[in-house]
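Just below is one structure, and these are the notes that go with it.
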Amino acid sequence: MADKPRRGGRPTFDDLVAIMARLRGPGGCPWDREQTPASLRPYLLEETYETLEAIDAGSPESLRLELGDLLLQVVFHAQMASEAGTFTIDDVIAGLVEKLIRRHPHVFGNQQVSGSGDVLTNWEAIKERERAEGLHGPEERGGRSAASELDGLPRTLPALALAQRLQAKAAAAGFTWPDLRAAAAKVREELAELEAAAADGSGAHAAEELGDLLFTIANLPRYLGLDGEQALRDACAKFRARFTRLEERARADGRPLRERSADELLALWRAAR
């Protein structure tokens with residue numbers, strides 16, 4: 001295997017794998033050699049979010065670069081596994097190819113589908129068969145041996161995404177509110193319970209009720225056919241832009257925000273629309 005990309009040709013995936021092996025090997029990079037799966041964990045998360053940011057920005061060049069950084073994390077982890085004798089990057093690719101073929105019988109087999117809804121239904125059914133056949137490891141069952149409708153969701157998902165996926169899976173099993181109106185009523189109920197807990201002065205109780213409220217709110221996007229994660233990101237972007245305009249107005253007046261009354265701040269906020 002070459003130590004660096006071959007001369008005169010465009011680097012290939014094999015070149016990337018070879019470079020990673022060289023970085024981790026004798027005489028390689030001290031930092032790369034010191035890393036472990038646990039130490040790389042924050043980098044994997046960071047690169048994932050940077051890739052999402054590139055998608056949101058709509059920049060093909062940024063996306064190309066960030067996908068490269070994300071791919072590096074995959075190759076890095078596979079190299080460490082290869083050194084430990086557990087699996088190789090070829091095993092990763094083989095498993096993925098087999099899974100894609102297995103879960104797309106309407107493409108690689110004779111199954112007929114009428115649209116993406118059928119595809120998703122079949123996908124979940126195939127995953128269930130895979131669990132029964134032991135093709136899913138304990139990690140995909142949350143570390144438990146008994147199967148659950150909520151299996152297959154990483155506990156490390158961001159809280160909003162995890163809440164949405166948990167409730168979507170529960171709904172697929174028939175456990176759901178009948179409509180948006182009922183779901184919204186549950187939100188109001190949870191808000192009242194939070195206010196009562198806060199009035200009692202119990203921090204632990206308030207924290208529990210706050211979690212219940214947020215979890216219930218995370219259920220609303222499903223009834224609207226929306227992505228709650230994206231809706232919240234859009235709201236954050238809108239708040240950032242409006243607050244920046246508010247700051248600009250405050251600087252133009254020559255008075256810091258901290259020196260203004262609540263009524264003055266509200267007037268600035270309204271003017272910043």
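The values are calculated or read from the model by the stated rules, or taken from the named source; none is laboratory data. In this text the structure is predicted, and so the values were computed from the model without any measurement. Here the Cβ positions follow ideal geometry from the backbone for every residue, glycine too, while neighbour counts run over all protein chains shown. The accessibility values were calculated without ligands, DNA or RNA, using every heavy atom of the protein model including side chains. Shrake-Rupley method; radii C 1.70, N 1.55, O 1.52, S 1.80 Å.
What the Kirkwood sum gives for region 180-273 is a hydrodynamic radius of 16.0 Å, with every pair of different alpha carbons counted. With a cut-off of 10 Å between beta carbons, the residues surrounding TYR223 carry a summed charge of +1, where Lys and Arg count +1 and Asp and Glu -1.
With all protein chains kept in place, the per residue accessible area of the chain amounts to 68 square angstrom at a probe of 1.4 angstrom.
If you roll a 1.4 angstrom probe over the protein chains with everything in place, what fraction of the accessible area of the chain belongs to carbon and sulfur, to the nearest %? For the chain, the apolar C and S fraction of the accessible surface comes to 58 percent. The three principal axes of the C-alpha atoms in the chain carry coordinate ranges of 69, 53, 41 Å, sorted with the longest axis first. Count Lys and Arg as plus one, Asp and Glu as minus one, and take only other residues whose Cβ is under 12 Å from that of ALA192; the net charge is then -4. Each Cα pair under 8 Å and six or more residues apart adds its separation to the average, and for region 1-80 the resulting relative contact order is 27 percent. Classified by the C-alpha gyration tensor, region 149-213 has an oblate form. Its axis ratio a/c, with a ≥ b ≥ c, is 1.5 or above, and a/b does not exceed b/c.
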